[in-house]
Structures are given as structure tokens and as C-alpha cells.
Amino acid sequence: MRPEPVLRMEHVTKRFGALTANEDVTLELRRGELLALLGENGAGKTTLMNILFGHYTADEGRVTAFGELLPPGRPRAAIAAGIGMVHQHFALAPNLTVLENVMVGTQSLSAPRSRTRPAREKLLSLAERFGLRVDPDARVGDLSVGEQQRVEILKSLTRDARILVLDEPTAVLTRQEADGLFATLKLMAAEGLSLIFISHKLNEVMAAADRVVVLRGGRVVAERASAGTSADELAELMVGRRVERPVRARKAPGPVVLELEGVGLGRRLADLSFAVRGGETLGIVGVSGNGQGALCDLLCGLERPTAGCLSIAGAPVPAGPRAFVEAGVARIPEDRNAQGAIGEMALWENAVLERVREPRFSRLGFVRRKAARAFTAGLMQRFDMRGGTPDTRTRLLSGGNMQKLILGRNLAGSPRLLIAAQPTRGLDEGAIAAVHAEILAARQAGAAVVLISEDLDEVLRLSDEVRAIVKGRLSPAIPVEEADARRLGLMMAGVTHAS
């Protein structure tokens, strides 16, 4: 017999003005089940789960948990009903300890009878039970991303969650961390917890989920048992068409565009010497925290070298982002929310942010808004950006559409050099294919490309040669034809043929 349902969402509809985020959605979750909610960026997955957790109120429909109607728009009621949610962007206070974060909201931290001992014992017991080891006294701001995610999960479990929702749980995790997370989730399901995880990573869905619900355009378009489907079928259901990744074409490289000679950046980067030619892509792989962020900042003018020389097209570039933009450098930053766009600004404002001084966008110190909006509308059409108009606030876009905005803003000017850091992190299959196609098109048009990515398949697919960054130093380059995932993994660990 199938286990009983613990959750039902029936005929749920949610609108934001003219945008319908969810339309007549019905789904159920059973005891001990791992359910994957799959869909493109902007398909309505996160909105639906925010309705479940009470962050949003549905315009139509209802939610029942364990046979009881859940009051809409009340997160405390959801928590009391046994529902916990781990958001993609963690809701943790970095200045507090792990234990203090877990206890926040359950009692006053300054209360004279604060019951820290029972809370600590429960936290340690759950951490041991599910293999989520953490130090209760560690400051959250000092933890890795993977450790912070454990804290978020434990925070829900200490509040006796029987249903756990995880929004893009592996978006910022390494492959090893993701494997460990799903092993934990399967253990939880085996002990009777019911779990929903939002994802667009087909390999994870196929490996971990018992059942898959696919959303497209805010509606449920399919439901499959993971054992009875395939990654290809799910990809087609997500986007409504067959998805094919673009293929890198052979191209003779042009003159040197970017050259570093003995460049250092304090204690973060040391003795970097390499060159990238026009029409060539250098892929850089590495375990997170080995200097990728510092390298990206250096190549975009956000940091000034403390040693050596950096030149573009044979000429040194003055320090400062403006000089690098004027030299033809375009960037896709690692963190699109913090570094790539200003959420409260409209799409058109972000689209012209780095080129607002150009005569077509300003005159006598005034922004030419009509031209800026027309430019943005063109970007939206060319890059298939969905979810608004040029006047929409950027924070309302899905992650994939925000990435398309950043990509389009940079590629519209035919850059000389493109710095792409984690360009497809958190994107769905269709968006990944679109971003890859644009990066390859820029290379084909003669741009030099530096691709910094933890996705080995992405690096192997897009790069002409590959280096690994280890403790702020770069390995010798190898042609991509000589690379595979195993060799790149060894290089990331500091093992090269030379060593």
C-alpha cells in the first residue's frame, strides 16, 4: 500500500499584477517521500513553496497538512504544523553562533532562564542522527556554505519538522557536498520525514527523487516516477522542446588580448603568468576558496595587482572598473545578486548601468530613458528574458532571467574580453544551453574568454585549454582534448604531470 498523504495543495493560483506565477496547481506529498519539484527558472517553483510556508498568500486554492487546513500567509502556522523550509539564500545571522541561530524565534536569547542546555542536546542529537555534524559554538559567518546549509536543516529539525522543503539545495554546493546532502535526505525519508526539493539539475533529480512534478509557465505539466522516466524526457517537459547543448567549433586564435606576467595579489594570488588570445577560451577550474573570486576581481579591475603586470591588447590598464569597461572587458560575476545587478532598480537601469555615459544613453548629464528602454526591450527579445517589462524591478526576475540580463548587457557591446565566473550556476537546462551558446558566439566573434567554473562538464565543453587554480596559483595549461573529469580533479588537488 502507498503511504498516506501528509500534504495537499489544491488548485493554487498566485498572481503578481499581470504576471500569473502559479495557475491551478494541485500536488500531494506522501509520508517518507522525496518529491522533486522541477522546472525552468521562473516556472513558479519557489513561489509555490513560499505559499506553502506562508510567505505568500494564494489568490485561489487551499493547502492541507496532516489533514488540517493550513491558514494562509502565516509562517508560524506552517512551522507549528510541522513544515520547515530551507531557502536558497540562507536566513541565518552570521554574527551569531550555530546554537543561537537554531534558537532564534523559539525563545528570547537574553532571557534569564534561556534553556540553552536542552536546545544544545537536541541539536547535537539530531546532528549525530542524520550525519549533519556542526559545532554549536561556531560563529555562522565563519562556516562554509555547506556547513551553513546543515545549520538551516537542523534549525527546521529542532522545531520538529515533519515536512522539509529545500529550495535549490545544491545551487552553491560542490559535487561532493551535494552527494553528501542527498545521502542525508534519503536517510531522513527512510525515517519517515517527507521532503520536497526544488531543482532543475536532472542528474540530481534522477538519482535522489522518488517522484517528480514538472512545472512550466506556472502550471503542472507532468508527474513522473523517477524510475519510469529519463533525463531527456524531463528536460523536454521542462522547456517544452528538445534541449541540445551547443558545440564548440574549431577556430584559429587571433592576437593576444589578455596577458599577465608575474601578477600577484597580496597573499591571495601569486605569480600568475598566462595569455589569452582572441577567439580562445581559457577554462579555470578549482575547489571553491582557492582564489577564484580574487582572480575574477583582478581581471575586472576591482582589485589592483600588488606585483607584476596586467595588459589588455598590449597596453597596461589603469586601476578601476571604469577603465576596464572602456578597454572592452565584460564580466559575468559569480554572485549575480550581490555583484551583477541592483535588485531595486528597473531592468532598463541595470541594462545601461555600465554604459550610461555613452551618448546614446545620456545627454548633458540626463539619462535618455526612451533609448535605454528600447535597448532593454531589444535585449529581452534577443536573450529570451521573461517575467516583466523594461520597467520591472530586477529583483522580481528568476535567477536565469537575471543572468540573461547580465549576459546580454555585456555581450551587446561586442567585448574584447569576457570574464565569465560560474556563468550557469543555478540555471536550468534551457538557460544553460542559451548561456553557453552566447559565450561560444562571443568567442567565435573574436573575443577572448576566461571561464572560471566549478562545473567540469561546462569547462570541458566550452574551453580550448584548461588550468587549475590551487591556493592562489595556476597550474600549467593543458589542451582540452587531453582533459577529462579525472585529470581535472587531480589538477584541482594540485597533482599535475610535472609534479
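The values are calculated or read from the model by the stated rules, or taken from the named source; none is laboratory data. The structure displayed is predicted, hence computed values, not measured ones. Note that each Cβ is placed from the backbone with ideal geometry, even for glycine, and that neighbours are counted across all protein chains shown.
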Next on the checklist: Any residue that is part of a loop (DSSP other than H, G, I, E, B), touching a Phe, Trp or Tyr at 6+ places or on another chain (Cβ under 8 Å), under 27 Å from THR47 (Cα atoms) and not assigned by TED's automatic domain parsing to the domain that holds VAL285 - is there at least one of those in region 151-160?
Outcome noted: no
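Among the residues of region 261-291, how many are under 18 Å from ALA330 (Cβ atoms) and surrounded by 22 or more Cβ atoms within 10 Å (Cβ to Cβ)?
Here is the first cut: in region 261-291, the ones under 18 Å from ALA330 (Cβ atoms) are 276-284.
From what's left, surrounded by 22 or more Cβ atoms within 10 Å (Cβ to Cβ): 276, 280-284.
Qualifying residue count, region 261-291: 6.
Residue-wise test of (1) under 14 Å from the mean Cα position of the chain (by Cα); (2) not acidic (Asp, Glu).
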site: LEU405; (1), (2): no, yes
site: ASN410; (1), (2): no, yes
site: THR424; (1), (2): yes, yes
site: GLU429; (1), (2): yes, no
site: GLU438; (1), (2): no, no
Next on the checklist: Can you confirm whether ARG248 is assigned to a loop (DSSP other than H, G, I, E, B) and either buried (at least 22 other Cβ atoms within 10 Å of the Cβ) or charged (D, E, K, R) (or both)?
Outcome noted: yes
Item to check | Condition check for LEU181: over 20 Å from LYS45 (Cα atoms), in the same structural domain as HIS87 (by TED's automatic domain parsing) and either assigned to a strand (DSSP E or B) or touching a Ser or Thr at 6+ places or on another chain (Cβ under 9 Å) (or both) | outcome: yes
Item to check | Matching entry among VAL449, VAL459 (being of a type outside the set (Lys, Arg), modelled with pLDDT of 95 or more and buried (at least 22 other Cβ atoms within 10 Å of the Cβ)) | outcome: VAL449
Checklist outcome for this item: Scanning region 377-387 for residues that are assigned to a loop (DSSP other than H, G, I, E, B) and either buried (at least 18 other Cβ atoms within 10 Å of the Cβ) or among the small types (Gly, Ala, Ser) (or both) gives PHE383, MET385, GLY387
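So, LEU418, is that one within 28 Å of ALA231 (Cβ to Cβ) and either part of a loop (DSSP other than H, G, I, E, B) or in contact (Cβ under 8 Å) with a residue 60 or more places away in the chain (or both) or not? Spell out how you get there, then give the answer.
Working: within 28 Å of ALA231 (Cβ to Cβ): no; either part of a loop (DSSP other than H, G, I, E, B) or in contact (Cβ under 8 Å) with a residue 60 or more places away in the chain (or both): yes.
In short, no.
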Checklist outcome for this item: Within region 166-195, the residues that are under 17 Å from ILE83 (Cβ atoms) and not acidic (Asp, Glu) are LEU166, PRO169, LEU185, MET188, ALA189, GLY192, LEU193, SER194, LEU195
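Does any residue of region 45-60 turn out to be in the same structural domain as GLY192 (by TED's automatic domain parsing), aromatic (Phe, Trp, Tyr) and modelled with pLDDT under 90?
First, pick out the residues of region 45-60 that are in the same structural domain as GLY192 (by TED's automatic domain parsing): 45-60.
Now restrict to residues that are aromatic (Phe, Trp, Tyr): 53, 56.
Those still in the list that are modelled with pLDDT under 90 too: none.
Within region 45-60 (the criterion being in the same structural domain as GLY192 (by TED's automatic domain parsing), aromatic (Phe, Trp, Tyr) and modelled with pLDDT under 90), the answer is no, since none of the residues qualifies.
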Item to check | Filtered residues of region 398-421 (kept if touching an Asp or Glu at 6+ places or on another chain (Cβ under 9 Å), under 24 Å from VAL287 (Cα atoms) and crowded, with 24+ Cβ neighbours inside 10 Å) | outcome: GLY400, ALA421
Checklist entry - Failed condition for SER125, given (1) at pLDDT 85 or above; (2) more than 27 Å from ILE51 (Cβ to Cβ); (3) surrounded by 15 or more Cβ atoms within 10 Å (Cβ to Cβ), with all others met? => result (3)
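Do any strands (runs of 3 or more DSSP E) entirely within region 1-70 hold 2 or more residues that are more than 27 Å from the chain's Cα centre (by Cα) and surrounded by fewer than 21 Cβ atoms within 10 Å (Cβ to Cβ), and if so, which?
5-16, 19-30, 60-65
Looking only at region 359-368, which residues are in contact with a helix residue (DSSP H, G or I) (Cβ under 7 Å, 6 or more places away or on another chain) and under 18 Å from ASP391 (Cα atoms)?
If we filter region 359-368 for residues that are in contact with a helix residue (DSSP H, G or I) (Cβ under 7 Å, 6 or more places away or on another chain), which is where we start, we get 360-361.
Of everything in region 359-368, just one residue is in contact with a helix residue (DSSP H, G or I) (Cβ under 7 Å, 6 or more places away or on another chain) and under 18 Å from ASP391 (Cα atoms), namely PHE361.
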Next on the checklist: Checking THR170 against (1) under 27 Å from MET492 (Cβ atoms); (2) among the β-branched types (Val, Ile, Thr); (3) in contact (Cβ under 8 Å) with a residue 60 or more places away in the chain, only one condition comes out false. Which one?
Outcome noted: (3)
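Condition check ((1) at pLDDT 90 or above; (2) in a helix (DSSP H, G or I); (3) under 30 Å from LEU272 (Cβ atoms)) across all residues:
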residue	(1), (2), (3)
LEU298	yes, yes, yes
GLY301	yes, no, yes
PHE324	yes, yes, yes
GLU334	no, no, yes
ALA338	no, yes, yes
GLU344	yes, no, no
GLU349	yes, yes, no
GLU358	no, no, no
PHE375	yes, yes, no
Item to check | Index of the failed condition, ALA468 passing every other in (1) under 22 Å from ARG267 (Cβ atoms); (2) surrounded by fewer than 19 Cβ atoms within 10 Å (Cβ to Cβ) | outcome: (2)
Checklist entry - Are any of the residues in region 483-496 among the β-branched types (Val, Ile, Thr), touching a residue at least 12 places away in the same chain (Cβ under 8 Å), surrounded by fewer than 21 Cβ atoms within 10 Å (Cβ to Cβ) and not in a loop (DSSP other than H, G, I, E, B)? => result no
Item to check | Selection within region 303-333 - surrounded by fewer than 16 Cβ atoms within 10 Å (Cβ to Cβ) and under 17 Å from PRO255 (Cα atoms) | outcome: GLY314, ALA315, PRO316
Item to check | Residue satisfying all of: in region 79-121; among the polar types (S, T, N, Q) and at pLDDT below 85; nearest to THR170 (Cα to Cα) among these | outcome: GLN88
Item to check | Close pairs (8 angstrom Cβ cut-off, 6 or more residues apart or separate chains): assigned by TED's automatic domain parsing to the domain that holds GLU438 in region 327-340, polar (S, T, N, Q) and surrounded by fewer than 18 Cβ atoms within 10 Å (Cβ to Cβ) anywhere | outcome: PRO333/GLN339
Checklist entry - Among the residues of region 87-97, is any assigned by TED's automatic domain parsing to the domain that holds ASN22, free of Cβ contacts under 8 Å to residues at least 24 places away in the same chain and not in a strand (DSSP E or B)? => result no
Checklist entry - Can you tell which of VAL450, VAL435 is within 14 Å of LEU295 (Cβ to Cβ) and touching a Gly at 6+ places or on another chain (Cβ under 9 Å)? => result VAL450
